1. From the set of residues in the stretch 27-44 that are open to solvent by less than 50 Å² (accessible area, probe 1.4 Å) and among the small types (Gly, Ala, Ser), which is farthest from Ala210 (Cα to Cα)?
2. Just checking, which of Gly14, Gly108 is of a type outside the set (A, V, I, L, M) and more than 17 Å from the chain's Cα centre (by Cα)?
3. Assuming Pro380 fulfils every condition listed in (1) under 23 Å from Arg134 (Cα atoms); (2) crowded, with 23+ Cβ neighbours inside 10 Å apart from one, which condition is it?
4. So which residues in the stretch 12-36 are farther than 16 Å from Leu155 by Cβ, of a type outside the set (Phe, Trp, Tyr) and at pLDDT 85 or above?
5. Is it the case, given these coordinates, that Pro192 is modelled with pLDDT under 85 and over 24 Å from the mean Cα position of the chain (by Cα)?
6. When the residues of the stretch 392-429 are narrowed to those that are surrounded by fewer than 23 Cβ atoms within 10 Å (Cβ to Cβ) and among the aromatic types (Phe, Trp, Tyr), which ends up modelled with the lowest pLDDT?
7. Could you list, in sequence order, the residues of the stretch 343-361 that are touching a residue at least 40 places away in the same chain (Cβ under 8 Å) and open to solvent by 10 Å² or more (accessible area, probe 1.4 Å)?
8. Does Ala213 meet the test of being within 19 Å of Pro62 (Cβ to Cβ), modelled with pLDDT under 80, aliphatic (A, V, I, L, M) and outside any loop (DSSP other than H, G, I, E, B)?
Amino acid sequence: MHAVKGSRSLAFAGVLLGMLLAQLDLTVVVTALPMIGAELDAGPAVAGITAASLLTATVSTPIHGRFGDLYGRKMAFVLAVGLLAVGSAWCALATDIGSLVAGRAVQGAGAGGLIVGAMAALGELFDRTELIRRQGWQVAVGAVASLAGPPAGGLVADTFGWRWLFWFTLPVAAVALALGLAGLPGRRADRPAGRLDLRGSALLVVAGTAATALGTVPALARSPLWTPVLVVVAVAAGFAFARTQTLIPRTIFADAVVVRSVLATTLAGVALYGTFTFVSLAITLGVRGDPGAAGLLLLAMTGGSLLVSSCFAVLARRWPRMTAWGRWGCLTGAVGLALIAVSVPLGGVVLLTVGLVLTGGSFMLVVSAYTVLAQGRAAPGEMGATMGVFTFARQAGGVAGTTLLGWLALLVTGGFEAAGLTVVFGAAALAMVVALTCSPRVVTTGEVVSSPS
């Protein structure tokens, strides 16, 4: 028993460290982009450094999830860490912007695997009560990556040079790999062998790449030529994927609770992830350009996530209905986003602060509740595929939200001043209301079934 507990503790430490690496690698380069662009003479192409990693991290999640179902969590973790390490070394050695963007794409593919692999592995290793208790650690990792990533990246780049942003990844990846190899389970002998759907994977990559490019590259999103081309490619590849794929088992969608949870997760991604780009603009208007006050308000949003995370880990063990927690998260997000929308034209810092705290708390509740719900309802042989669907839905929703909310503001007001931001956050609040109506309401005994088998 002690050996089993020790193995699970090592696995948890490994996947947690892997998640931290994955999320840090998506944020640490932000403040170093001007330095990188100047050294490599990148010009506007410097935007591809962040777009490439976000793109591959998004589209690779269902593939990594199914790979783990078929070949075991240990092998999937080794693959993800390997991709992240290779991509990091590639970036560190890059001599031009094209090579750096390609390395970032490889790095993002590894990051996507670490995120979805962690959720699938935890769903297999721990029962529902333990999953709830450990959600706080996962949210803390996300908060550290979001809050500390950009300033830490700037410090490392200024002190050692931007290439060390990628070199420093390698020793940490080695530690994560050692922990994962020691604790993660391999492929179970009682599960039927299968093959990864390569054709479906390729179609998913094409569809996801086209859609994500529209959400991350403004020049493509506003191009009269490329916008319709990418839309047609995304729709055609997505349609072909839906008709022919075996990458995502169709039995996942036979569960109405899972289907409604995926819809709610997608809409929450649109509203919560999709507004991240605009939060700093709203804060700047609210504090009238005071950088110190802006930093405090960003801390308020992160603090909301951490506070609710701590409360959730305690309260959800006593009131374990994840469907209720998910609906509460959607309602909290709708109120928080509405308060931000109202505060922008009024200039109310108090309203803005409360809105940021509620929005941060909503983010944590929605992610935690629907992740635990999905982990509890997924069949053991489909845990990775189910987690891949949820992760893809959340991230793709965020990419789509950034694009759609931005387009809406430009269409209605012509810019991102107070009126435009009011439109952005008002529309996001409405999306959270729709997410609330889509959220599963019927609680069955299957909701709380999760076996660490």
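1. Just the residues of the stretch 27-44 that are open to solvent by less than 50 Å² (accessible area, probe 1.4 Å), to begin with: 27-29, 32-33, 36-37, 40, 42-43.
Then drop every residue that is not among the small types (Gly, Ala, Ser), which leaves 32, 37, 42-43.
Numbers: Ala32: 27, Gly37: 25, Ala42: 23, Gly43: 23 Å.
Checked the stretch 27-44; the qualifying residue farthest from Ala210 (Cα to Cα) is Ala32.
2. Numbers: Gly108 fails: more than 17 Å from the chain's Cα centre (by Cα).
Residue meeting the stated conditions: Gly14.
3. For Pro380, the exception is condition (2).
4. If the condition is that a residue be farther than 16 Å from Leu155 by Cβ, of a type outside the set (Phe, Trp, Tyr) and at pLDDT 85 or above, then Ala13, Gly14, Val15, Leu16, Leu17, Gly18, Met19, Leu20, Leu21, Ala22, Gln23 are the ones that fit.
5. Working: modelled with pLDDT under 85: yes; over 24 Å from the mean Cα position of the chain (by Cα): yes.
It is true that Pro192 is modelled with pLDDT under 85 and over 24 Å from the mean Cα position of the chain (by Cα).
6. It comes out as Phe416.
7. Val344, Pro345, Gly347, Gly348, Val349, Thr353, Val357, Leu358
8. Numbers: within 19 Å of Pro62 (Cβ to Cβ): yes; modelled with pLDDT under 80: yes; aliphatic (A, V, I, L, M): yes; outside any loop (DSSP other than H, G, I, E, B): yes.
So Ala213 passes the test.
The values are calculated or read from the model by the stated rules, or taken from the named source; none is laboratory data. Keep in mind that this is a model prediction, so the values were computed, not measured. All Cβ positions, glycine included, derive from the backbone under ideal geometry; neighbour counts span all protein chains shown. Note: areas computed on protein heavy atoms with side chains; ligands, DNA, RNA excluded. Shrake-Rupley method; radii C 1.70, N 1.55, O 1.52, S 1.80 Å.
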